[in-house]
Amino acid sequence: MKKTAVYPGTFDPITNGHLDVIRRGAEIFDSLIVLVAIRKEKHTLFNLEERLELVKCATKDIPNVQVATLDKLLVEYLKENKIRFVLRGLRAVSDFDYEFQMALTNSTLYPEMETVFVMSSGKYIFLSSSLVREIASYKGDVSGFVPGCVIKKLKKKVIR
Ligand code: ADP
């Protein structure tokens, strides 16, 4: 049977670390849907449309990857779309507590669900969207950290 997974996140903006996780997921699963969360409670640098557009642009060369919006509870999305697998990335031990809590809570709400964790390449282990936003806000060079389409958009944003 064809195996589909979702990779949910804020992607504010998508980084090379996210992209590394996406490429690994696309090899493991037949089909991978990157789910860009709306984040009503969180102020984001890029709005939903921008975050979606940047993920689409960064993943356009990976044929089995699609991009969609997550506008509800993740487990509701999974049930509605009959998807069981969730992909998440792990960096350092510091990610573990939060990821463990999320995975356990979600599997309580939807026992058929399975969370699959992958590690990104060692060179991205420190990389986060917040670090990229911080560097960009001081006009630092983010070219090693984010895909090409993100560099242009970050430059256009007036952050401070
Ligand atoms: P969220 O707000 O849900 O944490 P993010 O966009 O920050 O969304 O991250 C989505 C997922 O990608 C999380 O599982 C996070 O741990 C993972 N991730 C982010 N950056 C990296 C990276 N550099 N290496 C591996 N995983 C990462």
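The values are calculated or read from the model by the stated rules, or taken from the named source; none is laboratory data. Since the structure is predicted, the reported quantities are computational estimates derived from the model, not experimental observations. Glycine gets a Cβ as well: all are built from the backbone with ideal geometry, and neighbour counts include every protein chain shown. SASA here: full protein model, heavy atoms, side chains in, ligands and nucleic acids out. Shrake-Rupley method; radii C 1.70, N 1.55, O 1.52, S 1.80 Å.
Would segment 17-29 turn up any residue that is assigned to a loop (DSSP other than H, G, I, E, B) and either within 12 Å of the ligand (Cβ to nearest atom) or open to solvent by 30 Å² or more (accessible area, probe 1.4 Å) (or both)? Before you say what the answer is, go through the steps one by one.
Just the residues of segment 17-29 that are assigned to a loop (DSSP other than H, G, I, E, B), to begin with: 29.
Narrowing further to those that are either within 12 Å of the ligand (Cβ to nearest atom) or open to solvent by 30 Å² or more (accessible area, probe 1.4 Å) (or both): none.
No: zero hits.
Is there any pair with a first residue in segment 1-28 that is closer than 12 Å to GLY89 by Cα and a second that is more than 10 Å from the ligand (Cβ to nearest atom) and among the polar types (S, T, N, Q) whose Cβ atoms are under 8 Å apart and which are 6 or more apart or on different chains, and what are they?
Pairs found: LEU19/THR59; ILE22/THR59.
In segment 30-58, which residues are part of a strand (DSSP E or B), out of contact with any Ser or Thr (no Cβ under 6 Å at 6 or more places or on another chain) and over 22 Å from LEU154 (Cα atoms)?
Scanning segment 30-58 gives LEU32, ILE33.
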